[in-house]
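The structure appears right after this line, and notes come after that.
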Amino acid sequence: QVQLVESGGGLVQPGGSLRLSCAASGSISSIYVLGWYRQAPRKQRELVATITNNGNTNYTDSVKGRFIISREYAKNTIYLQMNSLKPEDTAVYYCKLADVTGDSWGQGTQVTVSS
């Protein structure tokens, strides 16, 4: 079983920055993909960014050039550096680990972009 714990959400003004963290623990397979997803009120959960074992990254178009996903292998932790935040980035952000056994999700962290 995999446990994922997110942190780093909060309230920020438009144009500001936040960094989210997600620490993974438990029975983690040797090959997996970690990623960030978000869900805004009354909308479906959507992919934000993913990173593979070998460091390949993928971003949804709306965050390209503003968000950076990275990982710290020794700590089984990934980060999402969010810059130039916009009100439309407001959502609950979830961390997900996908491996051969299936998907594991964190509890989510709220990000609110508002003046």
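Within the chain, what is the longest stretch that has no trypsin sites (Lys or Arg not before Pro) placed in a DSSP loop and near at most 16 other beta-carbon atoms within 10 Å? In the chain, the maximal stretch lacking such sites is 67-115. Bridgeable lysines around residue 43 (alpha carbons under 25 Å apart, same-chain partners fewer than 8 residues away excluded): 64, 86, 96. Taking N as the number of residues in segment 1-46, what is its Cα Rg relative to 2.2 N^0.38 Å? After normalising by residue count via 2.2 N^0.38 Å, the value is 1.47. Averaging 1/r across all pairs of distinct Cα atoms in the chain and inverting the result yields a Kirkwood radius of 14.1 Å. 7 Å from Cα along Cα→Cβ at both residue 27 and residue 45: what's the point-to-point distance in nm? A separation of 2.1 nm, rounded to one decimal place. Between residue 98 and residue 112, residue separation times 0.36 nm minus the direct Cα-Cα distance comes to 2.4 nm.
Counting every C-alpha pair in segment 50-115, the share spaced more than 17 angstrom apart comes to 49%.
Averaging the Cα positions of each part gives two centres, and for segment 93-115 and segment 1-42 these lie 5 Å apart.
Between residue 54 and residue 73, the simple spin-label model (points 7 angstrom out along Cα→Cβ) gives 1.3 nm.
Values in this text are rule-based calculations from the coordinates and carry no lab data. The structure presented is a predicted model; accordingly, all values stated were derived computationally and were not measured. Cβ: placed from backbone, ideal geometry, glycine included. Neighbour counts: every protein chain shown.
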